[in-house]
Amino acid sequence: MFYIVIVIVILQRLFELVIAKRNEKWLLEQGAVEYGKEHYRFIVLLHTLFFISMIAEYNFRERDIEFNVINYLFLVFFVFLQIMRVWVLRSLGKYWNTKILRIPDSGLIKTGPYRYFKHPNYIIVVCEIFVIPMIFDLYYTAIVFSVLNAIMLSVRIRSENEALAIK
């Protein structure tokens, strides 16, 4: 089950990168400016190491752990997070990207989850970084990468707020 879930999530992320690349091309054609270039490679590294850490922790731990009710609860929560992720992507449409790209003088998206939160995508990512490893009781990965992600997001959100001129 572990490898099925991990492969599905990795394939989902790769598909999202294809969407992001297509959207990036469109945004740049519209005159978008990129912000936060200096930290983007660290985000990519963090997320790559996250998957490597889960695989390593899963393979090196004791195999006596059962896939119990708590795990299923995390799995259900993960499915809910994916529904929310699709809502975010659909709400942003061509403006969704893994990079911070802004067309000068363009308005902010205020539909979907953006009606309620400034950064709903980051709320989802924070939850995923904890929830995905917890599906398989990978406590070390959940804790370490939650902390690293919080540090990274403090930089990322500051750059994005600056780009979007959000107070």
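The values are calculated or read from the model by the stated rules, or taken from the named source; none is laboratory data. Only a predicted model underlies this, so the values are computations on that prediction, with no experimental measurement involved. Cβ atoms come from the backbone with ideal geometry, glycine included; neighbour counts cover every protein chain shown.
Key figures
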read-out: Hey, E34 in contact (Cβ under 8 Å) with a residue 12 or more places away in the chain, within 20 Å of N149 (Cβ to Cβ) and touching a Leu at 6+ places or on another chain (Cβ under 6 Å) or not; value: no
read-out: Matching residues, the range 110-126, being among the aromatic types (F, W, Y) and either touching a Leu at 6+ places or on another chain (Cβ under 9 Å) or outside any loop (DSSP other than H, G, I, E, B) (or both); value: Y114, Y122
read-out: Residues (small (G, A, S) and assigned to a helix (DSSP H, G or I)) located in the range 10-54; value: A20, S53
read-out: Every residue from the range 100-137 that is crowded, with 17+ Cβ neighbours inside 10 Å and touching a residue at least 60 places away in the same chain (Cβ under 8 Å); value: I100, L101, R102, I129, I132, P133, M134, I135, F136, D137
read-out: Test: residue in the range 38-57 that is small (G, A, S), touching a residue at least 12 places away in the same chain (Cβ under 8 Å) and in contact with a Phe, Trp or Tyr (Cβ under 9 Å, 6 or more places away or on another chain); value: yes
read-out: Candidate set from the range 138-151 (those that are buried (at least 19 other Cβ atoms within 10 Å of the Cβ) and not polar (S, T, N, Q)); member that is modelled with the lowest pLDDT; value: L138
read-out: Odd one out for G31 among (1) more than 16 Å from the chain's Cα centre (by Cα); (2) exposed (fewer than 15 other Cβ atoms within 10 Å of the Cβ); (3) at negative phi; (4) not aliphatic (A, V, I, L, M); value: (3)
read-out: Check on Y72, of a type in the set (F, W, Y), without any contact (Cβ under 8 Å) to a residue 24 or more places away in the chain and in a helix (DSSP H, G or I); value: yes
read-out: From L164, L89, L108, residue being at pLDDT 95 or above and aliphatic (A, V, I, L, M); value: L89
read-out: Test result for I6, within 16 Å of M134 (Cα to Cα), more than 16 Å from the chain's Cα centre (by Cα) and assigned to a helix (DSSP H, G or I); value: no
